[in-house]
Amino acid sequence: MRRFVNLGILMLLCVVLPTTALAQTVPPELTAKAAIVMEAATGKVLYSKNAEERRYPASTTKIMTLITALEYGKLDDVVTTSTNAASTEGSSLWLSAGEQLKMLDMLYGIMLISGNDATVAVAEHIAGSTENFAKLMTEKAHSIGAVNSNFTNTSGLPDEKHYSTAHDLAKITAYGYKNNLFKQIVSTQHKVIPWPGKDHDRDLYNENKMLWLYDNANGVKTGYTDAAGRCLVAGANQNGIQLITVVLDSEHMWDDSIKLLDYGYTQLTRVSFIAKGDLLKTVKVNEGKSGDISLVALQDIVLPIAENERDTFTTVIDAPNKINAPVVAGQKLGIVKIMHNNVEVARTDLVADQGVERKSFFGLLWGSVWGFVNYVIRNFA
């Protein structure tokens with residue numbers, strides 16, 4: 001049975017779905033100098049420690065490199081490795097000058113084994129230089145809301161002007177998770193890519209041990225330099241709740257990340273805001289055989305929330321009050337959005353629950369005559 005949702009009391013009708021039970025637990029003790037655990041859909045911060053402090057991000061920088069490459073590059077492009085790229089210091093995909101690989105293979109090399117040389121090859125291919133590409137990275141980060149970040153290179157090698165924060169890295173990663181290919185790459189445990197000139201392929205195993213250590217882990221990137229210390233951005237998705245953790249300059253980054261994920265999942269529960277088929281608005285139909293039509297939700301909207309934040313969510317409907325016939329059953333006629341602190345966190349289409357045919361010529365004529373008669377009766381009788 002379709003339910004009608006009274007939006008004025010929507011929050012009172014939310015159905016709590018079975019998931020990890022809420023618990024008031026003590027925040028974890030960490031070795032990291034800066035850390036955060038954040039829920040990706042709403043940006044809700046569940047725990048933070050010096051999360052706004054600017055620090056060297058090391059190779060977690062490559063999360064921003066990947067996002068920028070996915071948005072500015074073409075996956076089927078063949079990337080030619082320059083002498084400059086091949087001689088890049090640090091962790092390597094062992095590219096040789098003149099070697100050619102597809103863009104997508106380069107991206108796997110960047111994220112699974114942290115190939116600094118591959119980041120330079122990709123940057124030069126897309127933007128002409130690492131400097132130009134790093135500017136694109138910074139611009140994109142700021143547009144995401146990571147305004148306390150600045151990137152001067154693609155790999156994360158130390159530079160006084162190259163920095164981010166735990167919170168910014170979480171925001172950047174949450175944005176990345178909206179891209180299905182991003183999710184695929186950062187959650188890949190093992191990948192084989194070509195090695196031109198060799199008698200075997202490159203066999204890549206992801207350096208992110210969280211993919212093996214934590215149930216439903218799905219990303220994202222390790223990092224280390226002497227200046228940054230051990231860094232890790234990790235992610236997991238359990239019961240539809242995507243959490244992101246960041247630990248910077250951590251003595252025990254795996255343990256710290258596991259503690260943060262465990263803590264985060266005790267703080268959230270999934271709540272049904274809208275069910276598929278909910279009747280959310282009635283719209284008048286001009287010149288139709290039926291005078292009005294119901295708009296229903298096309299999909300479920302279920303979001304993870306903390307117990308104390310129900311009043312921070314609101315519902316907004318964007319749909320006309322009147323439409324012209326004909327209308328086809330299932331036709332999109334609007335959208336419904338869920339807002340969290342005035343920021344959209346979810347939406348679904350509103351569609352017609354049935355079709356409405358347009359009146360025939362004689363039906364329209366009779367309607368006009370009857371309307372005129374009613375007008376006369378009301379005003380002159």
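The values are calculated or read from the model by the stated rules, or taken from the named source; none is laboratory data. Keep in mind it's a predicted model, so treat the numbers as computed, not measured. For neighbour counting, all protein chains shown are included, and Cβ atoms are generated from backbone atoms with ideal geometry for every residue, glycine included.
Among the strands (runs of 3 or more DSSP E) confined to the stretch 162-265, the ones with at least 3 residues that are surrounded by 18 or more Cβ atoms within 10 Å (Cβ to Cβ) are located at 217-225, 229-238, 241-248.
If you check Val302 against the conditions, is it β-branched (Val, Ile, Thr), modelled with pLDDT under 95 and touching a Pro at 6+ places or on another chain (Cβ under 7 Å)? No, not satisfied. Note on the stretch 31-59: among residues that are touching a Ser or Thr at 6+ places or on another chain (Cβ under 7 Å) and assigned to a loop (DSSP other than H, G, I, E, B), the one that is nearest to Ile110 (Cα to Cα) is Pro57.
Cβ-Cβ under 7 Å, sequence separation 6+ or interchain: first residue in the stretch 223-251 and under 16 Å from Glu52 (Cα atoms), partner part of a loop (DSSP other than H, G, I, E, B) and of a type in the set (Phe, Trp, Tyr). Which pairs? What qualifies is Ala228/Tyr56.
Just a yes or no: is a residue in the stretch 123-130 in contact (Cβ under 8 Å) with a residue 40 or more places away in the chain, assigned by TED's automatic domain parsing to the domain that holds Ala69 and more than 19 Å from Asp105 (Cα to Cα)? Before you say what the answer is, go through the steps one by one.
Taking the stretch 123-130 as the starting set, the residues that turn out to be in contact (Cβ under 8 Å) with a residue 40 or more places away in the chain are 123-127.
Among the residues that remain, those that are also assigned by TED's automatic domain parsing to the domain that holds Ala69 are: 123-127.
From what's left, more than 19 Å from Asp105 (Cα to Cα): none.
No, because not a single residue in the stretch 123-130 is in contact (Cβ under 8 Å) with a residue 40 or more places away in the chain, assigned by TED's automatic domain parsing to the domain that holds Ala69 and more than 19 Å from Asp105 (Cα to Cα).
In the stretch 78-125, what residues are among the hydrophobic types (A, V, I, L, M, F, W, C), in a loop (DSSP other than H, G, I, E, B) and under 13 Å from Ser59 (Cα atoms)? Those that are among the hydrophobic types (A, V, I, L, M, F, W, C), in a loop (DSSP other than H, G, I, E, B) and under 13 Å from Ser59 (Cα atoms): none in the stretch 78-125.
Selection of the stretch 277-332 for residues being among the aliphatic types (A, V, I, L, M), surrounded by fewer than 17 Cβ atoms within 10 Å (Cβ to Cβ) and touching a residue at least 60 places away in the same chain (Cβ under 8 Å) yields Leu279, Ala306, Ile317.
Could you list all residues from the stretch 65-78 that are touching a Lys or Arg at 6+ places or on another chain (Cβ under 7 Å) and buried (at least 17 other Cβ atoms within 10 Å of the Cβ)? Residues satisfying the conditions are Ile67, Thr68.
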